[in-house]
Amino acid sequence: MSINEHNMKNSLDENVLKLADGCQVSEEQVGRYMSGLLNERAQYVHADVAQRLSFARNSVVAQHASQQTQAHSIHQSGNVLQWLGDHAGQYFGQHRVMSVAMVAGVMLLTFFTVQQFEFNRNLESSDAFLLASELPPEAYADKGFDTWLVSKRD
Amino acid sequence: MATNKELSDFLESVERRAFKQTAYAVRDDHAALDIVQDAMMKLAEKYGDKPVEELPMLFQRILQNTMRDFWRRQKVRNLWTTLLSSFGGGHDGEEERDPLETIDIEDDSEEPSARLERSQTIKLIERALEKLPRRQREAFVLRYWEEMDVAETASIMGCSQGSVKTHCSRAVHAMAAELKMHGLEGLGLDKTSLSN
């Protein structure tokens, strides 16, 4: 453990920092002092950074303004479908993974539903066949019935 | 609901600070700009209808989350880069950057030595902030720089108030230790400003 770490550990519980002249300052004072200096420095950014930030801000504000106008016009015209369409479009645009997952989910659900319908339809037709048949249902369940039928015919 | 002017004024008041905070965290100015722009867009898009007094906390929350997303993407990208470079057997040209390796001094002949000393102190603080672990830096920025209280900071960071206090304390002590290591025993503190 270095001396700095040792000193840091010792003074950590006290919530104060000891300076070289024996003076003690609270962590909060030091934190705020450092933040003040950082804030001072943050105001001076490179010109192209400032320009890009300004551009980003203006486009965000323009977008916000158009959203507000849109919301206002929807409110006036009462076109709920348009509003829903816009919002759904925005949602799907932003959450591509979710959208793909949702489409896949819907496809799977459709597949299983069709399968289930098909199974029920087959079951119904086989029931109808058994009921309409002259032979009792046990005859079809008996594995030796076909052999017996053939031997009887011969 | 925030008006366009209120939103614009708010963004103008935080954009440079947010850029610097992000740049300290991601150490890449271009990525920092993208992150700040992304956070601004999300704020206007999702919370543009919120009152203006709620915007600072919402913006900070979005900014921190956007930074986390950036790191997640970086992690995946780094994984692929490592995998591909191990196949290619290429050399690792990137050297780990030590932010304290070089401390350049602004040349401003008009200013007195006090100004120079202050500038050096700021540079040391900036680099000490960059060196902090992510959670400590987050806590320091939100608590002291953004002047949020412990509860708000805890809410944004998604941790307990006790954790926030611990992170803040460790951050301040670590930064102070860095400053002392570079000869600033008094941390460059202006006693008169502290007494106010």
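Where a number appears in this text, it was derived from the coordinates with a stated rule and is not lab data. Small disclaimer: the values here were computed from a predicted structure and weren't measured. Quick reminder, even Gly has a Cβ in these numbers, built from the backbone with ideal geometry, and neighbours come from all protein chains shown.
Pop the C-beta distance of residue B:69 and residue A:121 into the FRET formula with R0 = 41 Å and round what comes out to the nearest 0.05.
Efficiency at R0 = 41 Å is approximately 0.25.
Quick one: B:19, A:55, fewest Cβ neighbours within 10 Å first, how do they rank?
Lowest to highest Cβ neighbour count: A:55, B:19.
Quick one: order B:53, B:138, B:45 by neighbouring beta-carbon count within 10 Å, fewest to most.
Placing the least packed residue first, the sequence is B:53, B:45, B:138.
Using the 10 angstrom Cβ neighbour count as an exposure proxy, how do A:106, B:36, A:45 rank, fewest first?
So the ranking, lowest neighbour count to highest, is A:106, A:45, B:36.
Tally Lys and Arg at +1 and Asp and Glu at -1 over the other residues with C-beta under 14 Å from the C-beta of residue A:97: what net charge comes out? Kindly include the intermediate steps, with their values, before the conclusion.
Details: positive: A:96, B:72, B:73; negative: B:69.
It works out to a net charge of +2.
Of the cross-linked pairs B:46/B:75; B:42/B:75; B:20/B:50; B:75/B:180; B:46/B:123; B:75/B:131, which ones have a Cα-Cα span greater than 29 Å in the structure shown?
Correct reply: B:75/B:180; B:46/B:123.
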